[in-house]
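Notes for the one structure printed next.
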Amino acid sequence: MRRRRARSLTLEVLRQQDSEGKREVLLALHNWPLIQRFPYPVISLDHADLNGANLQGVDLRGASLKGVNLKDANLKGARLSQGPEDTSTMDRMARVVKKIAGDYTNSLESCDLRNAKLIGATLQGAVLVECALNGANFKGANFREADLRAADLRGRSALPKNRLTKLMEATN
């Protein structure tokens, strides 16, 4: 009951904030650690309205952002997942096993942006390694130099196939 109330209040506060206010709220939630999924979040950000948020360079590793509205958000240099350089060989092997099993739900290093609205978002240089991006809408998004290694892009929309091929080649 308390978690639902905290989530409801948090989502309402986020809706009322400007781009910098949304950034400050997310930084506080991450630093306290209230939004990390492992073993489960105190406050879930699924379907949150982060429209136009300035999240440049923000560390959101471990936060569930499933169905979140990131339309026109600035995620330049944001860390949404751990890159291979952040973990040991055993940790990387465990991540591969989890990915094969389709487990994105209880992993601190994974990124869940399934069905997210990334319309016009700036993801330049963002770390999206092994992120679940299936069903996300990328219309007009900037992925220049984003790290999309092993990202799940099935069912994505508004990202032309030739652009996707170039992105995947650039990140491998």
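Quick note: the coordinates plus some simple rules give every number you see, no bench work behind them. Not measured: the values here are computed from a predicted model. Ideal geometry is used to build each Cβ from the backbone, glycine not excepted, and the neighbour counts take in all protein chains shown.
Give me the distance in nm between label points sitting 7 Å out from Cα along the Cα-to-Cβ direction at SER19 and ASP59, one decimal.
2.4 nm
Highest first, please rank the peptides 2-13, 144-155 by the mean number of other Cβ atoms sitting within 10 Å of their residues.
Per-residue Cβ counts within 10 Å, averaged per peptide and sorted highest first, yield 144-155, 2-13.
Multiply the residue gap between GLU145 and ARG5 by 0.36 nm, knock off their C-alpha separation, and tell me the result in nm, one decimal place. Walk me through the intermediate numbers first.
Values: separation 140, 0.36 × 140 = 50.40 nm, distance 3.86 nm.
The GLU145-ARG5 span can extend by a further 46.5 nm.
Give me the percent relative contact order of region 1-87, please, defined on Cα pairs under 8 angstrom at least 6 residues apart.
RCO, region 1-87: 26 percent.
How long is the gain from ASN134 to TYR40 if the chain were fully straight, where each residue apart is worth 0.36 nm and the alpha carbon distance is subtracted?
31.7 nm
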